[in-house]
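Structure first, then comments.
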Amino acid sequence: MADCTVYVDADNQAAALAPGLLHALASRGLTATSIELFGNCKAPQLGHWRRALVDHAQGVMVRCTRVPCHSQAADAALLLAVGARLGEHLQTATLIVIMSRDNLMLATAQRLQDLGARVLVCHGPAAPAKCNVDTVLLPAPGASREALSLVGKIRRELPAEQNGGYRKSLVGALLRRAGLDRRGRAVFLASLPGLRSERTTGDRLLFI
């Protein structure tokens, strides 16, 4: 088994992808010696990632870096962390795994490879990463326990329309109260299998 260090953009990728990530690494004969998580201090994604890794990556060193809730703050922290260890990674030929679909992270992966580093990009369901770096597209995860809990909260607390849908504005307000920022709300909705929406006069309906 070859060693790798994993850098996770927790603000960009859902924690429900953690088992798929670890399975993808193992299927390639890779063992994560450490997993570095980067996320903002207000949204819950960083905690979700840590819990998912505690459940599925026992014995692996997991470190969390919390950053202020500013645009690209987590990206900047991840870049600095990779840069600080780049000499070590080059010397030991350790594979650098970047878990993100952010364009800045893809450009970083490409630059690292150009500098001679071994790099692998992983990300969840989306258009495949447009870079010349080896990329793993992870399968769509099932809804996490946290997501299922929020689904139950929506169904208990919000009034459903006659056709069974929930007004998107009300769903958004409930998710904000639950601590999810804009990206967190998008990640949560994207994690729900079978979610569909329907445009109506004045608001969009979500069928959850």
* Structure fact -> Contact list, first residue from the stretch 16-36 and outside the structural domain of Thr65 (by TED's automatic domain parsing), second anywhere and surrounded by fewer than 17 Cβ atoms within 10 Å (Cβ to Cβ), beta-carbon distance below 9 Å, six or more apart or interchain, is none
* Test Glu161 against the criterion of being acidic (Asp, Glu) and over 23 Å from Lys42 (Cα atoms), and give yes or no. => yes
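Yes/no per residue for (1) modelled with pLDDT under 90; (2) surrounded by fewer than 18 Cβ atoms within 10 Å (Cβ to Cβ); (3) basic (Lys, Arg); (4) in a helix (DSSP H, G or I):
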residue: Ala107; (1), (2), (3), (4): no, yes, no, yes
residue: Arg111; (1), (2), (3), (4): no, yes, yes, yes
residue: Cys122; (1), (2), (3), (4): no, no, no, no
residue: Cys131; (1), (2), (3), (4): yes, no, no, no
residue: Glu146; (1), (2), (3), (4): yes, no, no, yes
residue: Ser149; (1), (2), (3), (4): yes, yes, no, yes
* To do: Return the residue satisfying two criteria in turn: it lies in the stretch 163-180 and is surrounded by 13 or more Cβ atoms within 10 Å (Cβ to Cβ) and in contact with a strand residue (DSSP E or B) (Cβ under 7 Å, 6 or more places away or on another chain), and of such residues it is farthest from His70 (Cα to Cα).
  => Gly165
* To do: Pairs only if they're at least six apart or on different chains, beta carbon under 7 angstrom, first in the stretch 62-86 and over 18 Å from Ala107 (Cα atoms), second surrounded by fewer than 16 Cβ atoms within 10 Å (Cβ to Cβ); list them, first residue then second.
  => Arg63/Ser34; Arg66/Cys41; Val67/Cys41; Pro68/Cys41; Cys69/Cys41; Cys69/Lys42
* Between a first residue in the stretch 154-173 that is touching a residue at least 60 places away in the same chain (Cβ under 8 Å) and a second residue that is loosely packed, with under 15 Cβ neighbours inside 10 Å and polar (S, T, N, Q), which pairs have beta carbons less than 8 Å apart while being 6 or more apart in sequence or on different chains? -> none
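The values are calculated or read from the model by the stated rules, or taken from the named source; none is laboratory data. Keep in mind that this is a model prediction, so the values were computed, not measured. Positions of Cβ are generated from backbone atoms using ideal geometry, with glycine treated the same way; all protein chains shown enter the neighbour counts.
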